[in-house]
Each structure stands twice: as structure tokens, then as C-alpha cells.
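Step one of this worksheet: look at the structure below.
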Amino acid sequence: MTVHSLSTAVEARIDRAARRLLDAGPQPHRPGRLFVTEFLVFGAKQAWACTFGALLLLTMVVVRLTWPSGTVVDRNDVLTVTAVLLQVGMLVFGLETVRELRVVLLFHVVGTVMEVFKTHVGSWTYEPGGVLVLAGVPLFSGFMYGAVGSYMVRVHRLFDLRFDRYPRQWCVAVVAAAIYANFFTHHVAWDARSVLLALVVLLFARTTMHVRIHRSSVRMPVLVAMGLVAVVIWLAENIATWAGAWAYPTQAAAWHPVAPTKIVAWLLLMMISVALVTWLVPATPPGGTAPSGHPARVRRTAGSPRLRGAHAADPHRLGPSGSPEPLPLAANPQPFASEHP
């Protein structure tokens, strides 16, 4: 059994169990009950997408509370080894696909390069010690960026994301490259952060994201989604710095919350994240037309019946209750699955 097929099987089992739970008994028709169902499914998918990042953050807290400093094995090495084991476990136990791993590794490289530079110019510091370091930077630092990449690509798959009026990919790539360069150059030249932020707003001001939950789809401006993720990363950053994973100069004497202005930096990082993810998983418009112009393909998940004839060609097939059949909770057809209205 390959890693890919194992991943498909694991998520298919979760999907079947979730469907049995949600479809048991009379289906809710009241708006309140429908909202609660969709809300709970939304939360479950978000938690599933955050698995790697949440486990890594939990590891930082546990190491802070239980691992004494000055031992033979340094805290930084413990975090690095644990991060590697988490990543291997995500792959082996079917919580992440090989395709998603490529995105995570790309984020890892991009983040580690920036970490080496930023620590050397004093933007933040890590606790000294350990042998698993690169130019003085603990290797677990790259996994923090990998956690963002893991979330981005998994949430794209789990919610079968589609985009209205998505900007041209080369425009996204150019702005993302400029943002990445500015993280380095603003130490020696003018900080173009405000201009770059304006460009991000200009690029995505009209872009809407279609999010498939269970039986319904919702629309959300991409800028709102990016802002919300940036806030969540900032909250996680506060936990990580409290746990001593790293520290900003203002936290050298004693820990205190990271300034909310840091959210802007994370929002700009989201632009880089979007560019990296859509480079490997192209943004698809609603209606199922892939960027290449070919019709979208529906990929069967493990355990789902093979449709034939007219049913196979109908992306808007109704379920037994007359409502659109829900997409899988943990393994939405990917890539380019057809969206139900």
C-alpha cells in the first residue's frame, strides 16, 4: 500500500463515519439546526487542516513545561526531532498526502532562509544550544512555516475552494516575490510594506472564495480570509514566544504579548503562502473549469460508488432527501471537483 492510497483510505473512513453521524435519523430542516450542523462541520474541517500546526504548538508548550534547560539533549533539538516525527507521522498515517508534503517542504525552505537572515540581523533570537542547527538557527524553525503551508494546502482540499475573479498568477507571483524581498531589504533600504500591502488589497479586492462545507457553500472575500488566518497565526505566535520557542528583542527581559502590528507582517506572509500554494494547486473558478480550460474532473474517494450514465455526468446530483449530496467531510474530491450550487 502506497502512502497516497493509505492517506485516501484514512480520510475515507473518517468521511464515512462522519456521514453516518450527520445523516442518521430525520434530516434537519430548520435554519437553526442547519446552521449548527454546518458550523460544526466547518470547525471539524478547520481542526483537521490545522493538525500539524496544532501538534507542533502543543509540543512547544509541553517542552517548555516539562523539559529542563541545560540537559544533555537541548530543548531546540527536542523540538526539531519531534517536528520531524510529526511530519513523518502525518505522511505515514495518512493525515497528509505526498502532494501536500511538497508544499510543506517548499514552505520549509523559504522560511528557513528568512530565519537565518532575520536572526543574524537581530529581528528575533532563539535559545542558544543544540546540534540540529543551521547557521545558528534551530531546524525546527522551518517547520513553523511548514505548518502554515500544511494548513493552506489542506484547507484548499478539504473545503474544495473555488475563486471568483482570481488575479493572474504572474501578478500574484510578482507581488509575493516583492514581499519576500522586502523582508530582507527593509533592513538596509526603505521599507515598502505599506505599498506592498496596498498592492495586495488591489489584487484581491474583487476576489471571492467559495467554501464548500457540508450541504452548503458560502462565499467569503479572500482578503477577509487572509486577515483571519493572519490573526490566528499572531495568536499562535504569542503562545510560541511564551513557550520560549523564540523571543523578540522587546521580550528579552520578560515575556509580554507580541504587538498587534505584527499581524500586518503575517498578512503579507499570507500573500507569499497563497502564491506558493496556487503554484502547485492552481486556483479554480466556480463551475469546475480548470485553469487549462479543460472541464473539471470528479475524483472518487475510497468506498464511494462508481456512477454511470447520466448520473456520472451530473455534478449537481441530488441526495436521497432531495438536497445536493454533500461533498466528503475529510476528503473532498481534489483536484477540480465540481461544486454543488
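The values are calculated or read from the model by the stated rules, or taken from the named source; none is laboratory data. Remember, it's a predicted structure, so these values are computed and weren't measured experimentally. All Cβ positions, even for glycine, are placed from backbone atoms using ideal geometry, and neighbour counts span all protein chains on display. Side chains are part of the model used for accessible areas, which takes the heavy atoms of the whole protein and leaves out ligands, DNA and RNA. Shrake-Rupley method; radii C 1.70, N 1.55, O 1.52, S 1.80 Å.
Residues are listed down the side, and each one gets a yes or a no for (1) open to solvent by less than 70 Å² (accessible area, probe 1.4 Å); (2) under 17 Å from residue 151 (Cβ atoms); (3) over 22 Å from the mean Cα position of the chain (by Cα):
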{"site": "53", "(1), (2), (3)": "yes, yes, no"}
{"site": "66", "(1), (2), (3)": "no, no, yes"}
{"site": "79", "(1), (2), (3)": "yes, no, no"}
{"site": "83", "(1), (2), (3)": "yes, yes, no"}
Query raised in the report: For residues in segment 87-100 being touching a Gly at 6+ places or on another chain (Cβ under 9 Å) and in a helix (DSSP H, G or I), which is modelled with the lowest pLDDT?
Result: 100
Report summary line: Selection over segment 187-210 where residues are out of contact with any strand residue (DSSP E or B) (no Cβ under 8 Å at 6 or more places or on another chain), assigned to a loop (DSSP other than H, G, I, E, B) and open to solvent by less than 40 Å² (accessible area, probe 1.4 Å) yields a count of 1
Query - Matching residues in segment 234-272 - criterion: being open to solvent by 30 Å² or more (accessible area, probe 1.4 Å) and either closer than 22 Å to residue 152 by Cβ or of a type in the set (S, T, N, Q) (or both) - result: 234, 235, 236, 239, 250, 261, 262, 263, 264, 266, 267
Report task. Report yes if some residue within segment 150-171 is free of Cβ contacts under 8 Å to residues at least 24 places away in the same chain and surrounded by fewer than 24 Cβ atoms within 10 Å (Cβ to Cβ); otherwise report no. Result -> yes
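Quick one: which residue in 181, 135, 147, 173 is closer than 29 Å to residue 206 by Cβ and touching a helix residue (DSSP H, G or I) at 6+ places or on another chain (Cβ under 6 Å)?
On the way: 181 fails: touching a helix residue (DSSP H, G or I) at 6+ places or on another chain (Cβ under 6 Å); 135 fails: closer than 29 Å to residue 206 by Cβ; 147 fails: closer than 29 Å to residue 206 by Cβ.
Exactly one of 181, 135, 147, 173 is closer than 29 Å to residue 206 by Cβ and touching a helix residue (DSSP H, G or I) at 6+ places or on another chain (Cβ under 6 Å), namely 173.
I'm trying to understand the selection: among the residues of segment 68-77, which are open to solvent by less than 40 Å² (accessible area, probe 1.4 Å) and assigned to a helix (DSSP H, G or I)? Before you say what the answer is, go through the steps one by one.
Our first condition is that a residue be open to solvent by less than 40 Å² (accessible area, probe 1.4 Å); within segment 68-77, this holds for 74, 76-77.
Across segment 68-77, the qualifying residues are 76, 77.
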Requested in this report: Just give me the residues in segment 153-186 being part of a loop (DSSP other than H, G, I, E, B) and among the hydrophobic types (A, V, I, L, M, F, W, C), in sequence order.
Outcome: 159, 161
**Report entry** Qualifying positions in segment 256-290 - hydroxyl-bearing (Ser, Thr, Tyr) and more than 21 Å from residue 208 (Cα to Cα)
**Finding:** 261
